[in-house]
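**Q** Let me give you the structure first, and then I'll get to my questions.
Just so you know, all these numbers are worked out from the coordinates, no wet-lab data involved. Fair warning: this is a prediction, and the values are worked out from it, not measured in the lab. Here the Cβ is made from the backbone with ideal geometry for all residues, glycine too, and neighbour counts use every protein chain on show.
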Amino acid sequence: MGKKVTISIIKCDVGSLAGHHVVPKPLFDIAEKNLKKAMNEGTINNFFVFNAGDDLELLMAHESGEQNKDIHKLAWDTFKEAANKALQLKLYAAGQDLLKDAFSGNVRGMGPGVAEMEIEERASDPIVVFAADKTSAGSFNYPLFMIFADPMNTAGLVIDPNMLCGFKFEIIDTLEDKSAVLQCPREMYEMLALIGTVGRYAISRVWRASDDLICASSSVSKLSLIAGKYVGKDDPVMIARAQHGLPAVGEILAPFMHSYFVQGWMRGSHWGPLMPVGLRASKCTAFDGPPRIVALGFQLANGKISSDDEGKPLIADLFDDPAFSMARHEAIQNGSTLRRMGEFEPARLSAEEMEYTTIKQVLQKLKKRFVPLDQS
Ligand code: F6R
Ligand code: MG
Ligand code: MG
């Protein structure tokens, strides 16, 4: 039996430099300081701090299991302290995801996002963590389907005898606050019928069907915890396990060789092309985007993120690679095509899916001007 270890990634927008664009250094420093202290005290085994655009991301390895109070408090306190620093520095939208009085126009999805996975450490356990900005949890439906259910993407589904059994997917209905588990390939068409509706259904967990080995976990579960209602674009995170009877790291990354469209971008109210980037380009600029995603790879070693002799975690910045240049180029080209349509659908989301809208005020203002067609 391998050692039980939990990977937690907890993220929050605590304030950004120059609009909703990037996490500046003083906020990283606070996260580094607090997590280092927690590591020295034994609360966590080790950690890596990074950002996805304006979201501060705390990646932690520990042995306290999922939903653990101490781990979550550590993250919450860190976000609070960082938000206070952001306030002092007059950074933009300081404490956006923590304090409702720091209003920035986003009333939905105010709260840190969490993806966690308690696993029994395998002899060698490669993990890939994804973090995206300016988009929603349903954005992971498409790559998760390709990785764990599409044999045209994942050769292992056909070639590796350990994967012939297929995978089980937990699908969350974020409108009705319900979940169902579907198994592929058996129920692939039923699953596709749901997960194509990315604004409503989102894949939250994936298991290998033969032995229920947990393979992936995303932050969508948070949606079901908040008052049973849809909470909008929450800049999701996801953890996926790779290799040896699971999709290879390369199969997990292959869906990102092309850009695809996600909900979010400017004011959380537009379709935008997802752009895979390395950490140095993890910042949202043009039209507050395009929505970006980073992928970090690492190995587990005795309950920790495998580290060098100085204790520095060994982290692979997987999208910092020319293999994803084509996707970045497509994102810019397809994004600029959409932008030429301005506020016309399908560039803009449908009225129900927009993060915020003036439609109510416009209709109120024009109320008397609308007359029945037979009187005009
Ligand atoms: C999207 C996002 C940004 C803001 C936009 C307007 O999730 O955070 O696109 O919606 O920059 O921000 P405010 O209303 O703060 O000026
Ligand atoms: Mg923001
Ligand atoms: Mg964000």
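**Q** I need the trypsin sites (Lys or Arg not before Pro) found in the stretch 319-376, filtered to DSSP loop residues with at most 11 other beta carbons within 10 Å of theirs.
**A** Qualifying residues, ordered by number: Arg340.
**Q** Moving on to the next point. Loop-only chymotrypsin sites (Phe, Trp or Tyr not before Pro) in the stretch 282-376, please: DSSP not H, G, I, E or B, and at most 14 other Cβ atoms within 10 Å.
**A** Those satisfying the criteria are Phe344, Tyr356, Phe370.
**Q** Between their Cα atoms, which of Lys37/Lys90; Lys4/Lys90; Lys4/Lys80; Lys69/Lys360 are more than 32 Å away from each other?
**A** In this structure, Lys4/Lys90; Lys69/Lys360 lie more than 32 Å apart at Cα.
**Q** Between Asp320, Asp235, Asp212, which gets the highest mean-square fluctuation from a Gaussian network model of the chain, Cα cutoff 10 Å?
**A** Residue with maximal mean-square fluctuation among Asp320, Asp235, Asp212: Asp212.
**Q** Within straight cross-link reach of Lys134, meaning Cα distance under 15 Å, which aspartates and glutamates are found once same-chain residues fewer than 8 apart are removed?
**A** Asp13, Asp54, Asp55, Glu57, Asp97, Asp234, Asp235, Asp288, Glu353, Glu355
**Q** Going by amide H atoms built from the backbone, whose H comes under 5 Å of the H on Tyr356, apart from near neighbours?
**A** So Tyr356 has HN proximity to no qualifying residue.
**Q** Looking at Phe319, Gly342, Thr357, which one has the Cα that reaches farthest to the positive end of the dipole of the stretch 315-358 (charges on Cβ: Lys, Arg +1; Asp, Glu -1)?
**A** Checked the options; the winner is Gly342.
**Q** Right, next: Assuming R0 = 35 Å, can you tell me the calculated FRET efficiency for the pair Lys3 and Ala281, based on Cβ-Cβ distance, to the nearest 0.05?
**A** Calculated value: 0.50.
**Q** Per the helix-only calculation at 222 nm, which mean residue ellipticity applies to the chain, given -39500 (n - 2.57) for every DSSP H run of n ≥ 4 and division by its residues, nearest 500 deg cm²/dmol?
**A** When only DSSP H runs of four or more count, the value is -7000 deg cm²/dmol.
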